[in-house]
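One structure is given here, and the rest of the page talks about it.
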Ligand code: FE
Ligand code: FE
Ligand code: ZN
């Protein structure tokens with residue numbers, strides 16, 4: 001069974017996202033926990049959450065992926081910026097308890113001149129401050145393209161962060177196809193080798209979700225500009241090999257391509273067809 005969906009606007013609440021997902025043939029989705037540039041989160045409406053949970057149960061939707069604001073920097077050098085990141089993540093994780101058992105994805109951060117080692121150490125400390133044993137959410141470090149001083153474009157950097165987290169059974173990785181390709185992992189011509197490297201450095205059991213995106217830029221460009229599936233340097237065939245790879249079976253695949261809802265519906269139709277036509281994939 002393929003778990004596939006796309007990024008959706010959270011402005012209408014949880015039930016609206018669940019219905020939008022179902023309307024385009026998706027059984028997962030991603031949403032920003034608050035304005036992607038930060039700021040206060042809207043209060044959760046318990047009736048909306050309850051209606052969503054029953055709709056999701058009836059329609060086989062989940063797990064879903066919450067995405068932290070991308071301005072949040074969990075390894076900021078400036079104390080006020082670091083405190084903001086930690087308070088925001090702690091608040092997001094508390095809110096996630098209303099939809100337990102799901103995923104919370106964040107960009108590890110930018111070390112802004114402090115160096116990768118200090119960056120990974122601060123990100124681990126951030127996770128040590130915000131994770132609580134009673135929480136029911138798996139927190140995902142997203143693989144990054146390595147633009148600027150981004151931490152997390154090498155699997156070793158993600159492993160260093162995870163090693164420093166006490167409750168690291170709650171921590172996983174989300175592999176973004178655009179980001180890893182831009183970072184210099186050749187998922188087009190050497191997918192097996194990339195997955196073997198992931199397994200030896202992080203362990204494939206840490207991989208909890210995949211962001212499916214094509215890339216506007218060439219291999220190892222360290223840029224991070226998403227493209228529609230088949231419109232970029234990765235291409236539909238390589239995306240299909242990722243979607244149907246036995247090592248990635250059962251993971252939620254989430255599109256973050258530049259699309260409106262009907263564009264996402266089209267991509268989901270195409271990807272489901274690729275999956276269903278692959279004789280090795282279970283239905
Ligand atoms: Fe992201
Ligand atoms: Fe992503
Ligand atoms: Zn991106």
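As a calculated quantity, the FRET efficiency between residue 128 and residue 204 at R0 = 41 Å, using C-beta atoms, amounts to about 0.95. Volume per residue of the convex hull around the Cα atoms, evaluated for region 102-242, comes out as 96 Å³.
Kirkwood's formula applied to the C-alpha pairs of region 3-277 gives a hydrodynamic radius of 18.7 angstrom. Under the criterion of Cα pairs below 8 Å and six or more residues apart, the relative contact order for the chain equals 17 percent.
Can you work out the PRE-style zone for residue 220? Point 7 Å along Cα to Cβ, and I want the residues of region 169-197 with backbone N under 14 Å. Residues 181-190 qualify, since their backbone N sits under 14 Å from the label point. If you run the Gaussian network model on the chain, springs between alpha carbon atoms under 10 Å, then out of 214, 224, 182 the most flexible one is 224. The tail of the calculated P(r) for region 1-158 beyond 26 Å holds 29 percent of all Cα-Cα pairs.
Laboratory data are not the source of any read-out in this text; all were calculated from the coordinates shown. Everything quoted here is computed from the prediction, not taken from an experiment. Quick reminder, even Gly has a Cβ in these numbers, built from the backbone with ideal geometry, and neighbours come from all protein chains shown.
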